[in-house]
Every structure is written in C-alpha cells, then in structure tokens.
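These notes concern the structure reproduced below.
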Amino acid sequence: MQRPDRRRLRVPRAALGAATVAVVLVADVPLNLGVTRAAGQQGEAVVASARARTLEPRLRQGGRPDSAAVLKEARGAQATFERLRFRHLPWVLRGGGGPCDEIIGRYCIRDDGDDDWTPPPEAGRVRVGRATLVDALARAAELVPGDGWIAGQRVRYLVEAGRSADAVAAADGCRAERWWCLAVSGYARHAALDFAGADSAFAAALPLMPEGERRDWTDLSMFLEGKDVGAYKKLSAAARDSVEAGFWWLTDPLWMLPGNDRRTEHFARLVADQLQDRTRTTEGSYWGADSREILLRMGPLIGYERMQPRPSDMGPPPVVGHFAPGGRDFLPRLGWASAPASVGAGKEGWSLKRQASRSKYAPAYARSFDSLDYQLAVFRRGDSAVVVAGYELRADSIPPDAPVHAALVLWRSGQALPVIAQRTDTGVTGVVSVTTADDTTVLSIEAMVDSTAASARRAARARYGIALGTGVGAARASASLALSDILVLSGADALPGSLPEAITRARGAARAMPNERVGLYWEVYGLPARADSLDVELGLVEDDRGWGRRAARKLKLRASAAAVHLRWREQVSAEGGILPRALAIEIPKLEPGYYTLHLAVSRAGVPGTDSARVTRRVWVGERKK
C-alpha cells in the first residue's frame with residue numbers, strides 16, 4: 001500500500017545538503033533570544049506573565065488607552081511567547097541529507113515517507129505561556145476593540161490551544177473591519193470543524209473585501225500548471241468567476257458533509273497568512289512570500305522539533321516543522337470546472353495521490369483519505385435512471401462495530417442541491433442506489449468511518465463525470481435494443497429476478513476470486529411484449545490495458561484466450577420493455593489481474609438485426625494493495 005505523503009520543514013538553508021528532513025527553511029536573520037535567555041528557563045513563563053499583568057496600567061493615559069502602545073505591547077507579548085516556545089521545542093538527532101523534492105524560496109521540501117509522526121506532548125511552560133498570551137490579547141482587545149491584528153491573534157492562539165468554542169466567541173466579538181471579522185470567524189469555525197458555518201462566514205466576507213483582496217483570495221494561479229496558467233489568465237472577469245465557482249465546487253472532498261471544507265481550508269490558510277505577517281514565527285524566521293506559498297499550498301505545520309547542532313554550527317539550531325500526515329490533492333484540473341462531464345477523464349482518472357502535486361490537504365475528520373473501491377451500474381427507467389453503487393473500504397484497523405457513513409451523490413455544476421442517497425451501517429462493504437432524471441452529471445461515491453480510534457477514522461471516494469443515458473462503459477445501441485450495465489453479485493445460489501433483489505446482493509466492488517461462483521445481473525431494453533428469440537453471448541477475457549500484457553502478447557509469450565465463453569438462444573418477452581436477467585458463472589483458476597466481462601445480445605436469425613453490447617472490468621484475485 002502506498003504510504004501517504006509526509007512533508008516537513010527545516011531551518012536553515014546552510015544545512016540543506018546535510019539534513020535528513022523533508023522541508024527546510026532558511027533563517028536569513030539570527031534568532032534574537034535575548035529576552036528568554038536573560039530570563040532563564042525557570043523564569044520564561046514568569047516574564048510573559050508579568051508583561052501581561054502590566055499591560056493595562058502601563059497603557060492608559062488620562063484614563064484612555066493609547067492604541068499604538070497597546071498594539072506594541074501585544075506584539076511584544078506574542079514575540080515573547082514564540083521565543084519561549086522555541087526554547088522548549090523537543091530535540092531530535094540530525095540525520096543524513098538528500099536532494100530536495102522541491103525548493104520554494106528559502107525552503108527545501110523533502111518527503112521522508114514517515115506517516116506515523118505525531119506531535120509530542122507540549123511542555124507545561126509553553127501551555128502556561130500561551131494561556132498568558134491569550135489573556136494579554138483579551139485585555140488588549142478590550143482596550144482597543146477595533147484593532148484587527150489583536151483580534152486575529154487572540155483567535156489564532158485560542159485555536160492553537162484547542163479552545164475552539166472560545167475562539168468562535170472571540171471572533172464573534174471582533175470589532176475591526178467587518179470583512180476581516182467575518183474572515184476570522186470563518187477561520188475559527190473551520191478549526192472547530194463547523195464547515196457549513198465557516199462557508200457562510202467566508203461567503204459573507206468576500207463581497208465586503210477591497211477588490212484587490214477579493215481577487216487575491218479567489219485567484220487560482222498558484223494551483224495551476226502548464227497550459228492551464230495561460231488559459232486562466234486569458235479568461236474574462238465573468239468567465240473567470242464561473243470557472244472559479246466550478247473549480248471550488250469540485251474541490252469539496254465529501255459532498256455528503258455540510259459545507260466545503262477544502263474551500264474553507266484555503267480561506268483559513270489565507271487568514272493564517274495574514275495572522276503571521278509581521279509576527280515572530282515559531283522557528284524564529286521572518287514571514288515572507290515563500291512562507292505564504294508553502295502555507296497556501298501545503299497547509300499549516302502541526303509540530304516542530306530542534307535538530308541537535310554540530311560543534312561547528314554557528315547560531316541557533318535548525319528547526320524541523322511537520323505537516324499533517326495523509327495530505328491529499330483535492331484540486332481538480334481547470335478544464336473540469338467548465339466541462340463537468342470530463343471530470344475524472346484520463347489515464348489515471350481523478351487521482352488523490354498525484355506525485356507532483358501543487359497542493360495538499362489532510363481533513364481533520366479522517367486519518368487517511370483514499371480512492372474508493374467500487375462498482376457502478378446504471379439501469380434505465382423511461383426518462384430516469386436507477387444508479388446502483390457498491391463500495392468497499394479496506395478492512396485493516398477498522399473496528400467491526402464502527403459506523404460507516406456512505407453516500408451516492410449526483411450533482412451538476414450550478415445545481416442548487418444534489419441528488420443524494422445516504423446510509424449508515426457497520427461493515428466495510430455496502431450498496432447505495434438512487435433514481436434520477438439527470439443525464440450528464442458528476443457522480444461521487446463516498447464512505448467515511450466514524451470511530452473513536454484515530455487510526456480507524458478514514459474516508460474514501462470515487463468521483464467522475466458520467467452521462468447516465470449511456471451507462472458506464474456501455475455503447476448505446478443506435479436501434480431499439482439496449483443493455484444495462486452488468487452488476488456483480490455476492491453469492492450465486494439464489495439469483496435475483498428483479499433489480500430491487502439484485503441491489504441487496506450487489507458486491508462492494510467488481511472483484512472475484514479464482515474458482516469462485518459469481519452471480520451477474522443485467523437488463524435488456526427495447527424488446528417487444530410478444531415472444532421473441534434472443535441470442536446472448538457472455539465472455540470473460542484477460543484485460544489488455546497493461547503494457548506488460550500487451551508486450552507479452554505481441555511477442556507471442558502470452559496467449560489471449562477467453563477464460564469464460566458462453567453462448568445461448570432463448571425465447572423472451574419483456575413486459576414494459578424491460579427484461580431482467582441473472583446468471584451464475586464460475587471463475588477459472590486465473591492469475592491475479594484485471595479481466596473484462598463482455599455481454600452481447602441480438603435478435604436471433606435476422607440479418608442486420610438489432611444488437612447491443614456492454615462490458616464490465618473485473619479484478620480477479622486478492623484485493624490490490
């Protein structure tokens with residue numbers, strides 16, 4: 001199984017070639033630790049506490065607060081805390097070097113493949129120092145309620161302390177510029193996992209922003225590559241607004257959850273960028289354009305460590321910063337935003353694990369987020385279609401009694417509400433179905449494990465554009481005869497006689513084991529009500545999509561014989577124009593890999609007869625790693 005991306009941050013640039021960590025920052029200016037060094041380790045928290053206690057009496061002049069002095073003291077309190085935090089960062093041994101995966105300004109980004117790192121417990125003095133800083137910022141906010149920097153820093157450190165309810169309350173009490181207060185409120189609500197509330201707050205903030213600020217917040221250039229950059233810049237203002245709306249609509253990791261947490265994550269990162277501008281950072285550097293780009297693309301750091309210095313090192317030790325594990329690329333390609341039917345099109349479909357990704361996001365509600373194993377089948381019902389989706393999660397680390405929330409969502413860009421079916425059950429496999437009159441749309445099959453065990457909290461999805469009038473992988477007949485998709489069933493002893501029965505027996509994924517009896521269900525459309533003869537052909541052949549298999553056949557090192565080949569003729573009649581059919585086949589002893597089911601029907605004994613054909617790709621063998 002591919003390990004999730006793990007990325008880290010390190011200081012300074014001089015250590016780029018010798019360090020073993022993944023992301024590195026250059027400290028262009030030495031750390032100024034004079035205050036904390038003078039205080040000593042025993043007195044650091046006392047210094048910060050004394051600064052907070054003396055804040056109010058020192059800053060009143062004639063009974064009125066001096067706003068400039070309040071702001072200066074608040075900035076001093078923030079810098080004092082960050083010095084204190086730096087002094088209590090845990091130590092790690094310096095490792096070997098290695099090439100950078102990417103260099104952004106002063107930073108070397110390196111993926112070390114460690115997805116198990118968790119932040120060590122924070123030093124008690126740091127917790128005390130943060131609480132002292134929050135108190136100081138609260139008093140400063142009372143003295144100067146209209147200062148946006150003070151209001152933002154207060155919310156920032158409340159969020160950092162895990163006091164999400166207090167952060168939301170503090171944001172609601174903000175009296176600075178209205179758009180900024182709304183943005184800070186969105187930041188606090190996103191941290192509290194209230195994504196719908198965060199969405200509403202950011203949506204209210206955007207039209208109130210200065211035009212330049214709003215354009216910066218909605219600009220997609222940072223996430224685009226190649227020809228998409230030029231194509232995006234050439235768009236008119238109206239076309240750009242439409243593309244941006246479609247782009248962010250598609251970024252939402254799980255449509256079954258309220259709000260769009262990938263969009264609110266982006267806006268929260270923009271707020272975090274402004275909160276760290278002109279402030280002292282944990283690693284002691286100055287915030288810059290490169291810091292901003294890393295934050296917006298990769299997200300905030302969740303923990304820090306200091307590297308043991310060498311005897312020859314000058315200045316402060318390098319700092320290792322860790323990103324959240326399991327980050328995924330949820331951003332769509334630009335063309336998908338304006339052509340939803342093309343979503344997921346291409347060799348890899350919509351992969352969440354692109355190697356050279358422009359962006360990473362690790363949702364707080366899932367320890368891991370991966371592509372979902374599934375099977376999908378479409379069955380026609382006049383002007384509507386019944387869409388059936390089976391899903392299968394990886395069973396490792398999932399408690400057998402853990403609730404699994406699953407959904408099948410059909411949504412068109414610009415549509416107010418999606419067509420959605422949901423279910424909650426235990427077990428890693430299940431089936432969801434929905435009836436819809438939509439044709440070309442975007443389909444999302446989603447599953448999320450709800451568990452108290454952090455390692456078991458995971459989510460997965462499959463999302464792509466689909467034209468429901470033709471089904472999945474089906475070639476729609478030009479004449480009246482047509483086929484549904486093939487639905488692979490669990491068990492083959494009692495075959496279903498109707499679609500509702502088949503749905504209850506559908507497998508989570510189109511997968512079978514060698515020597516296993518497998519049930520199949522499909523429907524034939526366009527037959528007359530009177531009796532008619534129908535020729536049917538069903539085969540299972542080795543899939544030739546892999547380059548290795550194609551090369552072996554070309555060199556005549558491997559034959560392409562059919563694993564299963566059945567032909568028969570039957571007398572049929574279809575009331576209502578729908579003929580349900582089910583069949584059990586035995587999978588031969590085959591090598592693991594993809595195989596393709598071929599199903600073809602035609603009217604018997606009539607030259608140039610109507611015919612229809614459909615395929616279903618099936619994995620034979622143990623589940624792919």
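The values are calculated or read from the model by the stated rules, or taken from the named source; none is laboratory data. Worth saying up front: this structure is predicted, and the values here are computed from it rather than measured. When we count neighbours, we look across all protein chains shown, and the Cβ atoms used for this are built from the backbone with ideal geometry, even at glycine. Protein only, heavy atoms only, side chains kept; ligands, DNA and RNA dropped before computing areas. Shrake-Rupley method; radii C 1.70, N 1.55, O 1.52, S 1.80 Å.
Name the single residue that is modelled with the lowest pLDDT among those in region 398-427 being over 20 Å from the mean Cα position of the chain (by Cα) and small (Gly, Ala, Ser). Checked region 398-427; the qualifying residue modelled with the lowest pLDDT is Gly414.
All conditions in (1) over 27 Å from Ala454 (Cβ atoms); (2) without any contact (Cβ under 8 Å) to a residue 60 or more places away in the chain; (3) not in a helix (DSSP H, G or I) hold for Gly162, with the sole exception of (1).
In the set (1) in a loop (DSSP other than H, G, I, E, B); (2) open to solvent by less than 20 Å² (accessible area, probe 1.4 Å); (3) more than 29 Å from Leu483 (Cβ to Cβ), Asp313 fails one condition alone, (2). Looking at this structure, is Val404 touching a helix residue (DSSP H, G or I) at 6+ places or on another chain (Cβ under 8 Å) and not small (Gly, Ala, Ser)? No.
Of everything listed in (1) farther than 29 Å from Ala140 by Cβ; (2) in contact (Cβ under 8 Å) with a residue 12 or more places away in the chain; (3) part of a helix (DSSP H, G or I), the single unmet condition for Val184 is (1). Note on region 423-452: residues that are open to solvent by less than 40 Å² (accessible area, probe 1.4 Å), of a type in the set (Gly, Ala, Ser) and over 14 Å from Leu376 (Cα atoms) amount to 3.
Looking only at region 316-330, filter to residues that are in a loop (DSSP other than H, G, I, E, B) and either open to solvent by less than 10 Å² (accessible area, probe 1.4 Å) or of a type in the set (Ser, Thr, Tyr) (or both); which one of those is modelled with the highest pLDDT? Filtering first and then ranking leaves Phe330. Summed over region 508-547, residues that are assigned to a strand (DSSP E or B), closer than 24 Å to Gln375 by Cα and not hydrophobic (A, V, I, L, M, F, W, C) total 9. For region 416-442, which positions are in contact (Cβ under 8 Å) with a residue 24 or more places away in the chain and of a type in the set (D, E, K, R)? Asp438, Asp439, listed by residue number.
Counting only helices (runs of 4 or more DSSP H) wholly contained in region 212-284, the ones carrying 2 or more residues that are closer than 30 Å to Gln153 by Cα and open to solvent by less than 20 Å² (accessible area, probe 1.4 Å) occupy 237-251, 261-276.
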